[in-house]
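Heads up: the structure comes next, in structure tokens.
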Amino acid sequence: MAGHSKWANIKHQKKKEDRKRAKLFSKLSKRIAVEAREGGGDPEKNPNLRMAIQKAKDNNMPKDNIQRAIDRGTGNLDGVEYERIIYEGYGPAGVALYFDLMSDNRNRTASELRHLLSQYDGNLGEKGCVAWMFDRKGQLIIDRTELEVDEDDVMMSALEAGAEDISIEEQVIEIITEPSDLEDVRTSMEEDSYKFSSGDVVMIPENTVKVDNKKDAQKVLDLMDEIEDHDDVQDVYSNFDIPDEIIEELENED
């Protein structure tokens with residue numbers, strides 16, 4: 001899990017530095033609309049919708065935007081209809097990539113991703129080519145720059161709440177759960193006064209690929225940035241592990 005938590009830390013820093021709020025809200029709206037269409041517009045009866053709404057709230061999305069997205073999903077408002085798509089592939093240095101997308105044009109999205117990956121020595125693969133490398137888990141992130149916490153206390157609270165694993169980084173603490181336990185762990189820890197910058201079901205790599213060549217590491221990070229910036233990409237997961245010293249070198253060169 002080391003590589004995954006490291007990427008969570010990198011993503012956290014980048015999100016705070018250069019978050020594009022309008023694009024983020026658009027992506028969150030797509031997910032809410034799809035979850036409402038597939039499981040109904042009542043979050044009390046639709047756990048996937050409830051989780052999508054919570055993610056929107058974590059990112060300070062206004063209530064009106066959330067409600068409009070629900071209404072589009074249930075057909076109460078006109079709008080573009082999106083479908084959920086999973087793509088898999090490979091990036092620089094052979095790292096695995098697992099894409100969670102929502103698109104109104106499957107062919108366009110696939111074409112754009114193929115073109116993007118080709119620019120970074122990567123390619124899309126067949127269904128199932130990398131999915132077996134990942135586990136579906138619940139993930140909660142505590143932002144240590146916004147909430148001062150005692151590491152031992154966090155671990156005790158998380159484990160007592162039913163968490164599987166805790167990873168402590170300089171700026172974030174990552175708490176891993178079974179997907180079905182995510183909401184219960186979050187609720188229990190919030191009762192202990194912990195606040196989370198994000199909480200969602202994610203794909204965590206079982207094993208990582210070490211990328212210790214600086215040129216390849218830069219390619220991987222640049223590709224991840226490009227992918228996450230794509231309008232149709234909800235999330236992208238990878239199994240790369242870049243050593244801290246190389247990350248620091250690349251950051252100092254920026």
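The values are calculated or read from the model by the stated rules, or taken from the named source; none is laboratory data. As the structure is a computational prediction, the values presented were derived from the model and not from experiment. A quick note on method: Cβ atoms are made from the backbone with ideal geometry, for glycine too, and the neighbour counts reach across all protein chains shown. Please note that ligands, DNA and RNA were not included when accessible areas were found on the heavy atoms of the full protein model with its side chains. Shrake-Rupley method; radii C 1.70, N 1.55, O 1.52, S 1.80 Å.
What to note about this one:
- Qualifying residue in region 74-82 (condition: surrounded by 14 or more Cβ atoms within 10 Å (Cβ to Cβ), at negative phi and in contact with a strand residue (DSSP E or B) (Cβ under 6 Å, 6 or more places away or on another chain)): yes
- Within region 134-151, the residues that satisfy the criterion of being more than 25 Å from PRO205 (Cα to Cα) and either hydroxyl-bearing (Ser, Thr, Tyr) or free of Cβ contacts under 8 Å to residues at least 40 places away in the same chain (or both) are THR145, GLU148, ASP150.
- Test result for LYS45, open to solvent by 30 Å² or more (accessible area, probe 1.4 Å), over 27 Å from ARG108 (Cβ atoms) and charged (D, E, K, R): yes
- Within region 56-70, considering residues that are assigned to a helix (DSSP H, G or I) and buried (at least 19 other Cβ atoms within 10 Å of the Cβ), the one nearest to the chain's Cα centre (by Cα): ALA56
- Residue count for region 93-112, restricted to those that are modelled with pLDDT under 95, outside any strand (DSSP E or B) and open to solvent by less than 40 Å² (accessible area, probe 1.4 Å): 0
- When residues in region 125-179 are screened for being under 19 Å from the mean Cα position of the chain (by Cα), of a type in the set (Ser, Thr, Tyr) and modelled with pLDDT under 95, 1 of them pass.
- Cross-chain or 6+ apart pairs with Cβ under 6 Å, region 152-166 first and under 15 Å from SER193 (Cα atoms), then surrounded by fewer than 16 Cβ atoms within 10 Å (Cβ to Cβ): SER157/ASP192
- Restricting attention to region 113-122, the residues being out of contact with any helix residue (DSSP H, G or I) (no Cβ under 7 Å at 6 or more places or on another chain) and crowded, with 16+ Cβ neighbours inside 10 Å number 2.
- Neighbours by Cβ (under 6 Å, 6+ apart or cross-chain): first from region 201-217, within 30 Å of ARG50 (Cβ to Cβ); second open to solvent by less than 70 Å² (accessible area, probe 1.4 Å) and small (Gly, Ala, Ser): VAL201/GLY138
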